[in-house]
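Nothing in this text is a laboratory measurement; each read-out follows from the coordinates by a stated rule. Predicted, not measured: the structure shown is a model, and the values here were computed from it. Every residue, glycine as well, gets a Cβ built from its backbone with ideal geometry; the counts of neighbours run over all protein chains shown.
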Amino acid sequence: MNSNILQTIFKNGGIILNNDLTIKTDLKYVSSLKGYEFVEELKTLTIKKFLEVIEEKRLKAVELNCLIDCWINEGTIFIDLIHNFNDLNDCIAFGKENEQISIYNGVSGERITIKY
């Protein structure tokens, strides 16, 4: 699956993975965990480094019982650990606790700005 992850990220612009590296399909509201972000320009990222980061994130996602979010924006790849919530208010509260500027609505596909 690891080699297909990067292909899927390029094809779709991003991917959300369960902690066993299968694709997560049933999202409600998602917020990132502070301190677990990986950011690198694509032009400097090697396949080896990508696979190392994915394995590191997988192990931490198992430990924390969370998901892995990967996406590309303007030539940069982002890999985060995230939690999926059924309740919007719980997700917003978690986002605030983790100093996030927005959360993701997995139902509508939109980012929701957190108001402080």
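Figures for the structure shown
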| item | result |
| --- | --- |
| Other-chain or far-sequence residues with amide H under 5 Å of residue 21's (modelled H) | none |
| Within region 1-41, GluC sites (Glu not before Pro) in DSSP loop having at most 15 other beta-carbon neighbours inside 10 Å | 37 |
| Helix axis angle, 2-12 relative to the chain longest principal axis, alpha carbon, degrees | 60 degrees |
| Cut-off under 5 Å, modelled amide H: who pairs with residue 28 long-range | 85, 106 |
| Coordinate range along principal axes, alpha carbons of the chain, Å, largest first | 38, 29, 25 |
| Helix axis angle, 47-64 relative to the chain longest principal axis, alpha carbon, degrees | 40 degrees |
| Stretchable slack from residue 63 to residue 47, in nm (0.36 nm times residue separation minus alpha-carbon distance) | 3.3 nm |
| Length-normalised contact order of the chain in % [C-alpha pairs under 8 Å, at least 6 apart] | 33 percent |
| Rounded to 10°, Cα long-axis angle of helix 88-97 versus longest principal axis of the chain | 70 degrees |
| Charge tally in the Cβ shell below 14 Å around residue 58, where Lys, Arg are +1 and Asp, Glu are -1, residue 58 excluded | -4 |
